[in-house]
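One structure is given below, encoded as structure tokens.
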Amino acid sequence: MNENVQVLELDLILEQISKHTAFSLGKEIVLRQKPQSRRLLIQRNNDRMRDALLLTVRFGGLPFSGIRDIRDSLIKAKKGGLLTIEEAVWVSRHGHGCENMKAALRKTELIVPYVFDLVDSLLVSLPLSRKIDACFSPNYEVLDTASPLLKEIRDKLRKMDAEISRQIQKFISANADRLTDQLATYRHDRLVVPVRISDKYHFKGVIHGESASGQTAYVEPEFLLNLNNEKQTLMSREEDEIERICWQISADISVVSEQYIANVETLGELDALFAKAQWGKNFDATVGTLSDDGLVIRSGRHPLIDPKQVVANTYRLQHPYRMLLITGPNTGGKTVSLKVIGLFTLMFYCGIPLPCEEAKIPLFDEIYVDIGDEQSIAQSLSTFSSHLARIAKITRHCTKDSLILLDELGGGTDPNEGESLAIAILEHLRNKQASVVATTHYNRLKSYGAQHDEILLASVQFDLEQLRPTYNYIEGLAGQSYALDIALRFELDEQIVGMARQLKEEAKSEVSRILEKLENQLDENRKIEENLNILLDEAKSKEIEYQKQLADFEQSKKQLLEQARSEANSLIEEALIKTEEYLELLKTQEKPHQRLEIKKQLEEMIDQDEELEIAGAIAVGDTVRILSTSQVGIVSAIERSQYTVDVLGKSFKVNKKQIMKIAAIKKKATRHVSAVSGLMAPVSMECNVIGMRVEEALPVVEKYIDDCVLRNLKSVRIVHGHGTGALRKAIWAKLNHHSSVEELRLGGQGEGGGGATVVTLKGR
């Protein structure tokens, strides 16, 4: 199977995928990928790919920051070697990278068990990473926090540098006329001052050389000797301590080296997996499934053809068919169809997503391929001979579980002999019950295929008007070579083409004529079907547009209804204000007849029905008006065209034309308080202020309590949540001084507990 990787161009697919890897090991794993032949491995790899593709499409995959191949460093540590600071830092990054990957996977909350198992197997030592981070910076510098001794040494070095700088500046200021520069410098790791060459013996100390011009001598004054020596001693101690720290870190890393090596290998598998998934996402690919019911590739696209030009085709090789015979003109796409079937099978065995809508691939024991016309130079074989050598091997070794791909079977030799040989080969393979996909343009092979129920004929379409292939694959229709039509396109003399057509007709057998007539009729039927599909698509588009217009209409209707309701509410508010004015005026009138007159006006206003007609179907529970009696009731039952309407405890049966759906706003009342309540919009039994700040919540709560008092409610609930308790305390402080509040208590079981306050209101 692996020998067909290059013939079917799987290696080019792997090269594309490798560009999506995050580090070297992942790329290496992708490029050495081989098709699996064991059912369990194929199933596992595609299950993993299904999870990885879901993660990639939804979240872009998993993070691989801080991940690289550190196995050489880990092996060195395992053997007791000393790691460099850079190597140690990358071990720390490995630990953090693994933890970041685990956290990212948890955050997705997706159910991806096959990827989860891989990520969950990553074991890291965060204490080790933190220890390394305390010792070394991301820029590979040793930090003062690496050890107390190192910090002590560096503190002394900083003090020493400050003292040396002070002494140098003092020396330079005192001897400026004997120096060539006002800045000290270093020679041979010793701090020196630039002295005029004529004064180099003026100062006690050590001369460390002269400048190239011979004008300056570099002198280490005597006072600097001891300071520099002390500094050198401290620097030597610093280097020793750093080396000790590196040895200690290396020893710590050696303890986890085996697990970290396993981590790197798992990360390589994950990197390769998500590189395939990213490639699959780019190609809008899907994950195939193992099939025991033949091969199906729906809307498959060859991934190496330009996505803007590739034609998607559907292929199937299912019971009762064991052979697929693809016919049609040269350069018409027969070989591409052959390669799609073979390439998709190999990709599926590698766990690579397939650029198609659906793929069901059986488990073949081997894939045999004879494609192309390359000659074997080493064996000095001609094109035809090389084909025969491969086919001979295929016929010897194939089984009923093999997939065989044969391109232009019988080509490269005398047509009559080639046709006969091709038929004999297909008959042999048919008897072996192997799965075969073959391409040809020989007419006798088409006739042979039409005679056997287990052979499915198909073709690649050719546009006779433009005289070019369309690359559309058509199942159940044998194609023609169209050689004479193509000859006309290339301006071959019409008389020559005409004579060729005449000779072709004379050579045809009756079976060939009938077959060609049938093919032409099938082609016409296909064109009719295409036109019908176009009309169907247009009808679907119009239906979608109609549904959109209907939705827009419903939305407009809803908006108008909301507007009408809003206007009705405004009328209610206006009525409420007038009611309150009348009530206040009623209290102030001393004469009985004036109070009676105001009360009468109030009752008349309360008794007015504020109704709003509602469009739409009438359902059980809707409020309606019976047009003949003007009575208002509730629909309690609907049976065909009969509506049962309940009015004041009595039921009436009416038809749809006798009633009108309304939104009744009025509520009858006998007392003025109830009448006022009926004119107001209903109020909820609880007020939720969770998430509000105190200054936002208090006005809301106060207005809510006032509304509840106005509606004569006795007990309501304020939902404020637990939080810090500040919001609850502020609400209690406010309501304890409210004149209408009788009692406050925390919610009990089923009332929200400590996250809610139950308010008992005083009666009016």
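Is it the case that some residue within the range 98-115 is without any contact (Cβ under 8 Å) to a residue 60 or more places away in the chain and in contact with a Ser or Thr (Cβ under 7 Å, 6 or more places away or on another chain)?
Looking for residues that are without any contact (Cβ under 8 Å) to a residue 60 or more places away in the chain and in contact with a Ser or Thr (Cβ under 7 Å, 6 or more places away or on another chain), one finds at least one in the range 98-115, hence yes.
Results for (1) surrounded by 13 or more Cβ atoms within 10 Å (Cβ to Cβ); (2) modelled with pLDDT of 80 or more; (3) aliphatic (A, V, I, L, M); (4) not assigned by TED's automatic domain parsing to the domain that holds residue 439, shown as yes or no for each residue.
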site	(1), (2), (3), (4)
389	yes, yes, yes, no
395	yes, yes, no, no
413	yes, no, no, no
421	yes, yes, yes, no
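Determine if the range 171-190 includes at least one residue that is closer than 30 Å to residue 134 by Cα, without any contact (Cβ under 8 Å) to a residue 40 or more places away in the chain and within 60 Å of the chain's Cα centre (by Cα).
Taking the range 171-190 first, the residues closer than 30 Å to residue 134 by Cα are 189.
Right, trim to without any contact (Cβ under 8 Å) to a residue 40 or more places away in the chain and you get none.
Within the range 171-190, not a single residue is closer than 30 Å to residue 134 by Cα, without any contact (Cβ under 8 Å) to a residue 40 or more places away in the chain and within 60 Å of the chain's Cα centre (by Cα).
Condition check ((1) in contact (Cβ under 8 Å) with a residue 60 or more places away in the chain; (2) within 23 Å of residue 115 (Cα to Cα); (3) assigned by TED's automatic domain parsing to the domain that holds residue 368; (4) crowded, with 18+ Cβ neighbours inside 10 Å) across all residues:
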{"residue": "273", "(1), (2), (3), (4)": "yes, yes, no, yes"}
{"residue": "322", "(1), (2), (3), (4)": "yes, no, yes, yes"}
{"residue": "325", "(1), (2), (3), (4)": "yes, no, yes, yes"}
{"residue": "329", "(1), (2), (3), (4)": "yes, no, yes, yes"}
{"residue": "341", "(1), (2), (3), (4)": "yes, no, yes, yes"}
{"residue": "350", "(1), (2), (3), (4)": "yes, yes, yes, yes"}
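Exactly one of (1) surrounded by fewer than 11 Cβ atoms within 10 Å (Cβ to Cβ); (2) at pLDDT below 75 is unmet by residue 467. Its number?
With respect to (1) surrounded by fewer than 11 Cβ atoms within 10 Å (Cβ to Cβ); (2) at pLDDT below 75, residue 467 is out only on (1).
Name, by its number, the condition in (1) assigned to a helix (DSSP H, G or I); (2) closer than 27 Å to residue 340 by Cβ; (3) modelled with pLDDT of 70 or more that does not hold for residue 495.
Looking at each condition in turn, residue 495 falls short on (2).
Pick out, from the range 549-667, the strands (runs of 3 or more DSSP E) lying fully within it that include 2 or more residues that are modelled with pLDDT under 75 and under 29 Å from residue 711 (Cα atoms). So that I can check it myself, show each step before the final result.
Working: elements: 611-613, 623-626, 631-639, 642-647, 650-655, 659-664.
Qualifying strands (runs of 3 or more DSSP E): 611-613, 659-664.
Need the failing condition index for residue 205 against (1) surrounded by 16 or more Cβ atoms within 10 Å (Cβ to Cβ); (2) modelled with pLDDT of 85 or more, just the number.
(2)
Tally time: how many residues in the range 142-170 are touching a residue at least 12 places away in the same chain (Cβ under 8 Å) and over 16 Å from residue 226 (Cβ atoms)? Working first, answer last.
Step one: filter the range 142-170 for residues touching a residue at least 12 places away in the same chain (Cβ under 8 Å), giving 142, 146-147, 149-150, 153-154, 156-157, 160-161, 163-164, 167-168.
Those still in the list that are over 16 Å from residue 226 (Cβ atoms) too: 142, 146-147, 149-150, 153-154.
Looking only at that region, the number is 7.
Before we move on, is residue 230 within 30 Å of residue 144 (Cα to Cα) and either of a type outside the set (A, V, I, L, M, F, W, C) or free of Cβ contacts under 8 Å to residues at least 24 places away in the same chain (or both)? Walk me through it before giving the result.
Values: within 30 Å of residue 144 (Cα to Cα): yes; either of a type outside the set (A, V, I, L, M, F, W, C) or free of Cβ contacts under 8 Å to residues at least 24 places away in the same chain (or both): yes.
Criteria met by residue 230.
Please give the number of the condition residue 135 fails out of (1) surrounded by 14 or more Cβ atoms within 10 Å (Cβ to Cβ); (2) free of Cβ contacts under 8 Å to residues at least 60 places away in the same chain; (3) touching a strand residue (DSSP E or B) at 6+ places or on another chain (Cβ under 7 Å); (4) not aliphatic (A, V, I, L, M).
(2)
For residue 127, indicate whether it is under 30 Å from residue 56 (Cβ atoms), assigned by TED's automatic domain parsing to the domain that holds residue 253 and either modelled with pLDDT under 85 or loosely packed, with under 11 Cβ neighbours inside 10 Å (or both). First the steps, then the outcome.
Values: under 30 Å from residue 56 (Cβ atoms): no; assigned by TED's automatic domain parsing to the domain that holds residue 253: yes; either modelled with pLDDT under 85 or loosely packed, with under 11 Cβ neighbours inside 10 Å (or both): yes.
No: the conditions fail for residue 127.
If I filter the range 280-290 for residues that are modelled with pLDDT of 95 or more and in contact with a His (Cβ under 8 Å, 6 or more places away or on another chain), do I get at least one hit?
Pass one, the range 280-290, residues modelled with pLDDT of 95 or more: 280-290.
The next check asks that each one be in contact with a His (Cβ under 8 Å, 6 or more places away or on another chain); those that pass are none.
Taking every residue of the range 280-290 in turn, none turns out to be modelled with pLDDT of 95 or more and in contact with a His (Cβ under 8 Å, 6 or more places away or on another chain).
Within the range 323-350, work out how many residues are touching a Lys or Arg at 6+ places or on another chain (Cβ under 7 Å) and either assigned to a loop (DSSP other than H, G, I, E, B) or of a type in the set (Phe, Trp, Tyr) (or both).
Taking the range 323-350 as the starting set, the residues that turn out to be touching a Lys or Arg at 6+ places or on another chain (Cβ under 7 Å) are 323, 326-328.
Then keep just the ones that are either assigned to a loop (DSSP other than H, G, I, E, B) or of a type in the set (Phe, Trp, Tyr) (or both); that gives 328.
Looking only at that region, the number is 1.
Quick check on the range 208-227: of everything there that is surrounded by 18 or more Cβ atoms within 10 Å (Cβ to Cβ) and touching a residue at least 24 places away in the same chain (Cβ under 8 Å), which residue is farthest from residue 135 (Cα to Cα)?
Residues of the range 208-227 surrounded by 18 or more Cβ atoms within 10 Å (Cβ to Cβ): 216-221, 224, 227.
This time we only want the ones that are touching a residue at least 24 places away in the same chain (Cβ under 8 Å), so: 216, 218-221, 224, 227.
Details: 216: 43, 218: 38, 219: 38, 220: 35, 221: 37, 224: 32, 227: 29 Å.
Restricting to residues being surrounded by 18 or more Cβ atoms within 10 Å (Cβ to Cβ) and touching a residue at least 24 places away in the same chain (Cβ under 8 Å), the top hit is 216.
Just to be sure, is residue 264 farther than 14 Å from residue 94 by Cβ, among the β-branched types (Val, Ile, Thr) and part of a helix (DSSP H, G or I)?
Values: farther than 14 Å from residue 94 by Cβ: no; among the β-branched types (Val, Ile, Thr): yes; part of a helix (DSSP H, G or I): yes.
Spelling it out, it is not the case that residue 264 is farther than 14 Å from residue 94 by Cβ, among the β-branched types (Val, Ile, Thr) and part of a helix (DSSP H, G or I).
Kindly list the number of the only condition in (1) exposed (fewer than 14 other Cβ atoms within 10 Å of the Cβ); (2) part of a loop (DSSP other than H, G, I, E, B) that fails for residue 169.
So the condition that residue 169 fails would be (2).
The values are calculated or read from the model by the stated rules, or taken from the named source; none is laboratory data. No experiment lies behind these values; they were computed from the predicted model shown. Note: ideal-geometry Cβ built from the backbone for every residue, glycine included; neighbour counts use all protein chains shown.
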